[in-house]
Amino acid sequence: MIDLRSDTCSRPTDEMRKVMAAAPVGDDVYGDDPTVRALEHRTAELLGKEEAVYMPSGTMTNQVALRTHTEAGDEVLMEADAHLYLLESGAPAALSGLMIRHIKGRHGIFTERQVDDAMRVEHPFQPTTSSPPTRLLCVENTHNLAGGTVWPIERIREVAGSARRHGLALHLDGARLWNACVRAGVPAAQYADHFDSVSVCFSKGLGAPVGSALAGRSEFVSRARRFKRMFGGGFRQAGIIAAGALHALEHHRELLARDHDNAADLANGLARLPGIEIDLETVQTNIVRFGVTSMTAGQFVEECMREGLSMLPSGRDQVRAVLYLNVTAPDIQRALEIVRSVVNGRK
Ligand SMILES: *Cc1c(COP(=O)(O)O)cnc(C)c1O
C-alpha cells in the first residue's frame, strides 16, 4: 500500500529506533527526563527562543498556546481555513472559551491591510467594554488546507507589524515550519523571530513517531507547562519518544527537499491526467491537493485504495496526498499509474 494520507504516517527509521531504545529517561512531570530536556533545548535553540516545551501533539501545543495567551471571552484572529480552527475538535471554544475572527487569505496567506481591517474601530461615544478584546493573531506556515503553501518572510514581517501596532500577541502554527524553511531558504529562527510563541511538529515530515514543541520566552513557557499538565500532557518517561524527535531534528530536516521534489513530480503527473484538476501554484512543499471531476472524492479515494493507493478525501471533490520520507520516486510513478487507471475507468 502506498500511503499518501498524511506525513504523520511516516515511520521511524532503524537508526531512530536504536537511539530511542538507548535513550536515558526520567520523569517528564518532575522535569528531569534528560532526553526531553535535550530536545526542548535544541528546539528552542533552532527557533531562537529562550525555552521550549515538548508535548504529545501539535493540537496540544497550539491549544496550550491559545490558553496561555488569552482568557475566556477574548477574540483571536486567524485565517478562515486554519488548522487551529477547523481541525482541532472545537478546542478554542471548549478549552479556552475563545471567540475566533476569520481572515480570508489567498492560498492561506493574508495581508497587513486585512489585519488592520479586522480590528474594530473604536469611537469615544461607544463603550469599549462592549467588544471582546482582540488579543492574538495566529499564522499557519506552511498552510495545510491551502496545500502546504509557504509564507514569504516579508509578508510575515508586514502582518506581524500590523498585529504589534494593534497590541496583539502573535502565535505561529509551524507544524510544518521545517518544510517552509527548506522551501524558502529561510532559517527557522528568522520566521520565529516575529512571534511570541511557535508550535512545531516532529511527527510529520521529520518522521519521528510522536510529538510537538511550543517555544517562546521563559515566562511564557513556564505558564504553558502548567496548561500542558492541566490538559493531560504530562507524559512521564517521554525521553523514549523525545529521542526519536531529537534524531529527526538533527538528521531529517534537509531530507524534506526530496519530499518537495516528489510532490512536484506527483502534481505535474496529475496535471496531465483527464478528470483531475490541480492548481500547480499551490504545490510548494510536500502536500498535493487536487480536484476530481468525474466522480466524488469519496468514490475516487475508495477506488484508488482498492488498487493500493491511500489518500484523503476532503470535501465533495477534493483529495489530499502528502509526501514524506518513506515514499520513494518509484512510489510516485506507481501512484500516477493507479490514478490514471481509476480516472480512465470512469471516462
Ligand atoms: C498536523 C497539524 C497540527 C497538529 O497536529 P497533531 O496531529 O495534533 O499532532 C497543527 N497544525 C497544522 C497546520 C497541522 O498540519
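A few comments on the model shown:
- Hey, Pro24 touching a residue at least 40 places away in the same chain (Cβ under 8 Å), in a loop (DSSP other than H, G, I, E, B) and surrounded by 15 or more Cβ atoms within 10 Å (Cβ to Cβ) or not: no
- Looking across segment 204-221 at every residue that is in contact (Cβ under 8 Å) with a residue 40 or more places away in the chain and surrounded by fewer than 24 Cβ atoms within 10 Å (Cβ to Cβ), the one that is nearest to the ligand (Cβ to nearest atom) is identified as Val210.
- The lone exception for Arg176 - which of (1) in contact with a strand residue (DSSP E or B) (Cβ under 6 Å, 6 or more places away or on another chain); (2) surrounded by 23 or more Cβ atoms within 10 Å (Cβ to Cβ) it fails: (1)
- Here Leu336 does not fit the description of being in contact (Cβ under 8 Å) with a residue 40 or more places away in the chain, closer than 28 Å to Gly185 by Cα and crowded, with 17+ Cβ neighbours inside 10 Å.
- Taken over segment 65-116, residues that are at negative phi, of a type in the set (S, T, N, Q) and without any contact (Cβ under 8 Å) to a residue 60 or more places away in the chain amount to 3.
- Residue within segment 316-330 that is of a type in the set (D, E, K, R) and over 24 Å from the mean Cα position of the chain (by Cα) present: no
- Filtered residue count, segment 198-224, keeping only those that are over 17 Å from Thr59 (Cβ atoms) and either in contact with a Pro (Cβ under 8 Å, 6 or more places away or on another chain) or assigned to a helix (DSSP H, G or I) (or both): 7
- For segment 43-63, taking the residues that are within 15 Å of the chain's Cα centre (by Cα) and not in a helix (DSSP H, G or I), the one that is nearest to the ligand (Cβ to nearest atom) is identified as Ser57.
- Filter pass, Met16 being crowded, with 21+ Cβ neighbours inside 10 Å and away from the ligand (no atom under 16 Å from the Cβ): yes
- Close Cβ contacts (under 6 Å, 6 or more residues apart or on different chains) running from residues in segment 271-293 that are modelled with pLDDT under 95 to residues that are β-branched (Val, Ile, Thr) comprise Gly275/Thr293; Gly275/Val343.
- Hits in segment 64-84 (condition: part of a helix (DSSP H, G or I) and of a type in the set (S, T, N, Q)): Thr68
- Total residues in segment 285-310, condition part of a loop (DSSP other than H, G, I, E, B), out of contact with any Lys or Arg (no Cβ under 6 Å at 6 or more places or on another chain) and not hydroxyl-bearing (Ser, Thr, Tyr): 3
- Restricting attention to segment 136-177, the residues that are part of a strand (DSSP E or B) and over 22 Å from Pro92 (Cβ atoms) total 1.
The values are calculated or read from the model by the stated rules, or taken from the named source; none is laboratory data. This is a predicted model, so every value here is computed, not measured. Neighbour counts are summed over all protein chains in view; Cβ atoms, including those assigned to glycine, are modelled from backbone coordinates with ideal geometry.
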